Amino acid sequence: MGQALGTLEELPQEYRDQLTAAGVAPLWPMMRNVLPHDAPMPITKPGFWRYDEARPLLMRAGELTPVEKAERRVLVLSDPGRGAGAMQATASIYLGLQLLLPGETAPNHVHTPSAARIVVEGEGGYTTVDGEKLPMEEGDGILTPGGEWHEHGHDGDEPVVWLDALDLPVFYYLEGSYAREGDLQSPRNRPDASQVEYLASGLAPTRKRSEAARRYPMVRYPWVRTQQALREMLRYAAHGFAELDYVNPETGADALPTIGFTAGMMAAGASVTPPMRSSSAAIHIISGRGKTTVNGETFTWGPKDTFSVPVFAEVSHQADEEAFLIKVHDRPLQEKLGYYEERD
Ligand code: 1HN
């Protein structure tokens, strides 16, 4: 095994001053910071955001800040490892709870980061993505891929809340994050693709040879269908646990390039200990109660709560009741970078 590496203090002050003046720095005192042995040293700490605690604060934001003054009225879920005000939940995942009140619209814009949304509560909300009006029903997964115009609206009479998950930290780190604003869209007068072209899995619309599929052919994943599919899978699952990935129905690839979107079901009483993974994740509870231990910290969760799982965390879940959850993770990004890993 390697010897202890030299420290900065071992170097003469006069030499250190010369290095600084020349705009260079010695690698070896920093080597183990940037390249720790065997596994990364995450900054991220497991976070737990109880909906009962966040909801009143979000409703207060609705009173304090009109949507016109917010563009998006959101409370960001801050990684405890990065501290108060952190605009991210893990190294790659931004999470926020967004509120839209009846009659409000969150204006049309387009940006480089991609978003996946999970509808938390309320009826009558919708997102329009590139002219397609997507109803937002509880538990639905709604994608707004980077580069696609999107706006939100609300035809109902109760507050609508959803959880936004974006790859914003990645784009920000790459100095690639920016947005453009535009005029409100005029949506096409037809149901979204999940209700027309991709009504059943395994079936895709026939096209002429000259017609290519859209890059993101389906951007709404209705929860009722996901839930039904999970229930069927669970009947034949060995360990009281079933999982389904949201994929592009034309290609089978992950629904978004960087963000993975996975729905899960646990039977009442089931325990699950997934392998240690190189990916980071956030888990949002759709329904049910249980406990999850992340690196020794136990979160006792219920409906609409959210918690985060840092990279290489030790995790175990226990469902006290039948539970449905949606996980957002960065496995697609890590696979593209060629290093996604699992350790049992
Ligand atoms: C955004 O565009 C939305 O469209 C929500 O609802 C949250 C956070 C950072 C950057 C863009 C939205 C966002 C965001």
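Laboratory data are not the source of any read-out in this text; all were calculated from the coordinates shown. Computed from a predicted model, the values in this text were never measured in an experiment. Every residue, glycine as well, gets a Cβ built from its backbone with ideal geometry; the counts of neighbours run over all protein chains shown.
Summing +1 for each Lys or Arg and -1 for each Asp or Glu, what net charge is found among the other residues whose Cβ lies under 14 Å from the Cβ of residue 49? Neighbour charge sum, excluding residue 49 itself: -2. Net charge in the neighbourhood of residue 144 (other residues with Cβ under 12 Å of its Cβ; Lys, Arg +1, Asp, Glu -1) is -3. Distance distribution P(r), region 31-79, all Cα-Cα pairs, bin width 5 angstrom from 0: 5, 15, 17, 13, 11, 10, 7, 8, 9, 4 percent. For region 1-96, a crude dipole built from +1 on the beta carbon of Lys and Arg and -1 on the beta carbon of Asp and Glu, taken about the Cα centre, is about 480 debye to the nearest 20.
Hey, which lysines would be in cross-link range of residue 133, C-alpha to C-alpha under 30 Å, not counting anything within fewer than 8 residues on its own chain? Hits, sequence-local ones excluded: 69, 208, 304, 327.
With the charge dipole of the chain set up from +1 on Lys and Arg Cβ and -1 on Asp and Glu Cβ about the Cα centre, the Cα lying farthest toward the positive end among the listed residues 129, 317, 87 is that of 129.
Protection proxy ranking, highest mean first, for peptides 111-118, 64-71: 111-118, 64-71, where packing is the per-residue count of other beta-carbon atoms within 10 Å, averaged. In percent, rounded to a whole number, the relative contact order of region 209-332 is 28, using alpha-carbon pairs under 8 Å and six or more apart.
Where only DSSP H runs of four or more residues are counted, the chain gives -4500 deg cm²/dmol as its mean residue ellipticity at 222 nm, each run worth -39500 (n - 2.57). Using a Gaussian network model of the chain in which every pair of alpha carbons under 10 angstrom is joined by a spring, one finds that among 313, 84, 267 the greatest mean-square fluctuation is at 84. Measuring spread by the Cα atoms of the chain yields a radius of gyration and Dmax of 22.2, 73 Å.
Amide H contacts of residue 148: 111, each under 5 Å away and 5 or more positions distant or on a separate chain (H built 1.01 Å from N in the peptide plane; Pro and chain starts excluded). Each of the chymotrypsin sites (Phe, Trp or Tyr not before Pro) that DSSP puts in a loop and that has at most 12 other Cβ atoms within 10 Å breaks the chain; the longest unbroken stretch is 1-177.
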